[in-house]
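Report on the following structure.
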Amino acid sequence: MFVIKRLLFVLLVVWSASTITFFIPRISDINPIRERFAELARLGGFSAGELEKIVESYSKAFGLDKPLMQQYFDYIGGVMTLDFGVSLNKFPKTVLMLIAESLPWTIGLILVTTILSFVIGNLVGALAAWPLSPKWVRGVSTSFILFQGVPPVLLAILLIFFVAFKLNILPIAGAYSIGTVPDFTFEFLLDVARHQILPGIALIFGSLGTWVLSMRGMGITIQGEDYVIFAEHKGLSSYTIFKDYYLRNALLPQVTALALALGNVITSAIVVETIFGLPGLGFVLITAIRSNDFLVIYGIVLFITIAVAVLMALVELLYPLLDPRVRQGQE
Amino acid sequence: MEHLLDITGLTVSYYTDIGRAIALNQVDLRLKQGEKLGLVGESGSGKSTMGLAMMRMIKPPGKVEGGSVVIGGVDMLQLSDKEMLKRRLSTISYIPQGAMNSLNPVLKIKRQMIDAYRAHYPDHKLDQIMDLAHEAMRSVELPEHVLEMHPHELSGGMKQRVCIAIGILLRPQIIIADEPTSALDVVTQRQVIETLNRVQQKIGSALILIGHDMGLMAQSMDKVAVMYAGEIVEINDVQTVFTSPKHPYTQALISSLPRLQNRGEFRGIPGMAPSLYRLPSGCRFHPRCNQQQPQCQTTSPRKSVFEDEKYVTCHLYEAT
Ligand SMILES: Nc1ncnc2c1ncn2[C@@H]1O[C@H](COP(=O)(O)OP(=O)(O)O)[C@@H](O)[C@H]1O
Ligand code: SF4
Ligand SMILES: [Mg+2]
């Protein structure tokens, strides 16, 4: 029952998002195809007469000459099969192809940084609140909260300036060094890894502080709970109490928070990626915006929306495994 | 070494912004093996503090400032932290106030019992532990499938029984049950107390039952200790407390009980309980006492000890 509800919700999100991305470009008077080719024409390539012809044939190819409702149903149908249309700029490449080429970079970065930031942040926050932590551990871990005020973008710029530019120990930008041939050799993978360090640090430390702060607050509440105190009365070791009685319970709301934070995670990743010139989704998106490649722009926006909705549903579906109280509520 | 438990001069204070609250002041208490003591007193009089101090579980802002808690010849307050950890649950166990929330919501009951057991006997085999878990469940009259359940699936009375089952798992010499019935309905209260009595008898440990309900105390305890503002003002056997209480506070408590069989929860007596931060001089009870003596406002009364570790702290009984 719960699963079906979640799936219906995902479908609803996909439908409303695609409806919005369908209508927004069509509300305005500007014909992006004409804009695109008018620009090319200004650069000198073909005459005004030719322009009209090209626009007409392209509009036909994109189905823009069909009635609006027909276009709408085609569009929604396309979205359901992940067909977001073709790129104007890189025709005949489809939007899906562009996404597929760039997605591994983005996913790799997001997956690693989100997991690391969540794990480190929550562990540090839990230690900051744990009364049995040594004083210095509590001091150090509490100071991590300072990162809470620093957005990943600012961190990215600072890292580029100081670490890459001034100290020159890590590459400034790019996914791999210019001149290397992408290949699955050890040297190449190492080169790629070196290029991921700074963007990774920017993303991890940009979101770490929030986890530390919220986990510390949660930890202070949980350590006063009767079941933690009873665990002490039972004579359990502080390690067992920390792990199974304190941390496990304090983590529950954090997992919910993670589901809610996914939208932010992806947005930050895309911005940081662009700053570091990594060939991920963000880079494709910026290129598309610069060249007015509207199907790509809306395709990517839509794709991200769907991805966030699906991931949130996944986290919520996994949550009952952690909390037996929710499990029972669903049965 | 006649006494199983020998508490002498136990003193605990809480330090807060308002100042120092002496929650336990020079408290003495002795118990024999298998003896059952009811610890009564208004809320805030220091009953839980007493139990927690025996477990060495007083936490900041609280501080144990003096005295000794000797169990079987060993002073709990002198043990290393590690040794004390081993004594908890195995020598002395405390079933906390608020059993409703004393079980970890994400772990099965079984797991919480195994954890308790393993903390003391890491080498024991699982099926050996499960046998003992089953036995503990039988002692508190819970069906064995409760072991496979999570706390939220249990009623209040069942959770209380699970806490008792955990408390007796290692057959401690002393069981402290802190207001085990306060959140339960009347019928369940009786049943839980009966269970507690039965398991106490079975394993032969001493029992300290903290509570308000004089009726429950009368029914099943051997002795009653009355606390007032951080001191035990009277310890007596249960009949004496009900038929001829000595201390004016005990007398007021007993006469405030509903007439019928002198049973039920006491409703409080005229006047206000003093703040522990600003205690009256002399006898702490004097502002509410109806038998005040001239020296009561200035001099603290000493203990007048009767036979069998019974005593009363009041000028009326001091031999001059
Ligand atoms: N954590 C604490 N911080 C400050 N004062 C406390 C704390 N716990 C108890 N006290 C003080 O100790 C007194 C006795 O508390 P407690 O032992 O819980 O009483 P009882 O169990 O009889 O109701 C209270 O009146 C209160 O002033
Ligand atoms: S010492 Fe005095 S004031 Fe205190 S209880 Fe006895 S008679 Fe009353
Ligand atoms: Mg209490």
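So which of B:202/B:310; A:135/B:59; A:234/B:59; A:234/B:108; B:82/B:202; A:243/B:110 end up more than 20 Å apart by C-alpha?
Correct reply: B:202/B:310; B:82/B:202.
Under a point-charge model restricted to the Cβ atoms of Lys and Arg (+1) and Asp and Glu (-1), what is the dipole moment magnitude of chain B relative to its Cα centre, in debye to the nearest 20?
360
To the nearest 20 Debye, how big is the dipole of the protein assembly as shown about its Cα centre, given +1 on the beta carbon of each Lys and Arg and -1 on that of each Asp and Glu?
Computed charge dipole of the protein assembly as shown: roughly 780 debye.
Can you classify chain A as rounded, prolate or oblate using the Cα gyration tensor, where a ≥ b ≥ c are the square roots of its eigenvalues, rounded means a/c under 1.5, and otherwise it's prolate if a/b beats b/c and oblate if not?
oblate
What does the extension gain come out to for residue A:325 and residue A:190, with contour length at 0.36 nm per residue minus their alpha carbon separation?
Contour length minus the Cα-Cα distance gives 44.1 nm.
Test of understanding: in a Gaussian network model of chain A with alpha carbons linked when under 10 Å, which of A:19, A:210, A:114 would top the mean-square fluctuation ranking?
With Cα springs under 10 Å in chain A, the top fluctuation among A:19, A:210, A:114 is at A:19.
For a test of the definition: using alpha carbon positions, the gyration tensor, and the 1.5 limit on a/c, classify the range A:1-124 as rounded, prolate or oblate.
Since a/c reaches 1.5 but b/c is at least a/b, the shape of the range A:1-124 is classed as oblate.
With each pseudo-label sitting 7 Å past Cα toward Cβ, what's the residue A:315-residue B:272 distance in nm, one decimal?
The answer from the label model is 5.0 nm.
Just grab the label-to-label distance for residue A:93 and residue A:2, each label 7 Å out from Cα along the Cβ direction, in nm (one decimal).
For residue A:93 paired with residue A:2, the spin-label model returns 4.2 nm.
Per the helix-only calculation at 222 nm, which mean residue ellipticity applies to chain A, given -39500 (n - 2.57) for every DSSP H run of n ≥ 4 and division by its residues, nearest 500 deg cm²/dmol?
-24000 deg cm²/dmol
For chain A, with the dipole built from +1 on Lys and Arg beta-carbon atoms and -1 on Asp and Glu ones, taken about the Cα centre, which of A:303, A:271, A:201 lies farthest toward the positive end?
Value: A:201.
Report, in degrees rounded to the nearest 10, the 0 to 90 angle that the Cα long axis of helix B:109-120 makes with the longest principal axis of chain B.
Here the helix axis deviates by roughly 80 degrees.
Which FRET efficiency value, to the nearest 0.05, is calculated for residue A:146 and residue B:83 with the Förster distance at 35 angstrom and r the Cβ-Cβ distance?
Rounded to the nearest 0.05, the efficiency is 0.30.
Taking the Cα centre of the range A:120-244 as origin and charging only Cβ (+1 Lys, Arg; -1 Asp, Glu), how large is the dipole, in debye to the nearest 20?
380
Using only Cα atoms, tell me the angle between helix B:156-168 and the longest principal axis of chain B; keep it within 0 to 90° and round to the nearest 10.
Its long axis makes an angle of about 90 degrees.
Between residue A:169 and residue A:112, take the C-beta separation as r, use R0 = 25 Å, and let me know the FRET efficiency to the nearest 0.05.
0.75
Find the Rg to Rh ratio for the protein assembly as shown, where Rh is the Kirkwood radius over alpha-carbon pairs and Rg uses the same atoms.
1.17
If r is the Cβ-Cβ distance from residue B:298 to residue B:256 and R0 is 30 Å, what FRET efficiency results, to the nearest 0.05?
Efficiency computed from Cβ-Cβ geometry: 0.60.
So with the 1.4 Å probe, I'd like the accessible area per residue for the range A:222-300, rounded to whole Å².
Roughly 34 Å² per residue, with all protein chains present.
Quick test of the membrane-span-like rule: which DSSP H helices of chain A reach at least 24 Å along their long axis (C-alpha atoms) with mean Kyte hydropathy at least -0.5?
Those that pass (Cα extent of 24 Å or more, hydropathy at least -0.5) are A:2-27, A:95-129, A:186-223, A:248-275, A:294-322.
Take every residue in peptide B:112-120, count the Cβ atoms of other chains within 10 Å of its Cβ, and give the average of those counts.
Other-chain Cβ atoms within 10 Å of each residue's Cβ, averaged: 4.
If you filter the range A:97-201 for chymotrypsin sites (Phe, Trp or Tyr not before Pro), then keep DSSP loop positions with at most 13 other Cβ within 10 Å, what is left?
A:184
For a label point 7 Å from the Cα of residue A:74 along Cα→C-beta, name the residues of the range A:85-114 whose backbone N is under 19 Å from it.
Only A:85-97 pass the distance filter.
Once every DSSP H run of n ≥ 4 in chain B is given -39500 (n - 2.57) and the sum is divided by its residues, what mean residue ellipticity at 222 nm do you get, rounded to the nearest 500 deg cm²/dmol?
-8500 deg cm²/dmol
Out of the total accessible area of the protein assembly as shown (probe 1.4 Å, heavy atoms of protein only), what percent is carbon and sulfur?
Looking at the protein assembly as shown in its full context, I get 62 percent from C and S.
Run the simple label-point estimate for residue B:2 and residue A:100 please: 7 Å along Cα→C-beta, distance reported in nm.
Going from the residue B:2 label point to the residue A:100 one covers 9.1 nm.
Rounded, prolate or oblate: which one fits the range B:63-203, using the alpha carbon gyration tensor with axes a ≥ b ≥ c (rounded when a/c is under 1.5, else prolate when a/b beats b/c, else oblate)?
oblate
Which value, in Å² and to the nearest 10, is the accessible area of residue A:325 when all protein chains are kept and the probe is 1.4 Å?
Counting only protein heavy atoms, the figure is 100 Å².
The values are calculated or read from the model by the stated rules, or taken from the named source; none is laboratory data. Every value quoted in this text rests on a predicted model; they were computed, and no experiment measured them. Note that each Cβ is placed from the backbone with ideal geometry, even for glycine, and that neighbours are counted across all protein chains shown. What goes into the accessible areas is simple: the full protein's heavy atoms, side chains included, and nothing from ligands, DNA or RNA. Shrake-Rupley method; radii C 1.70, N 1.55, O 1.52, S 1.80 Å.
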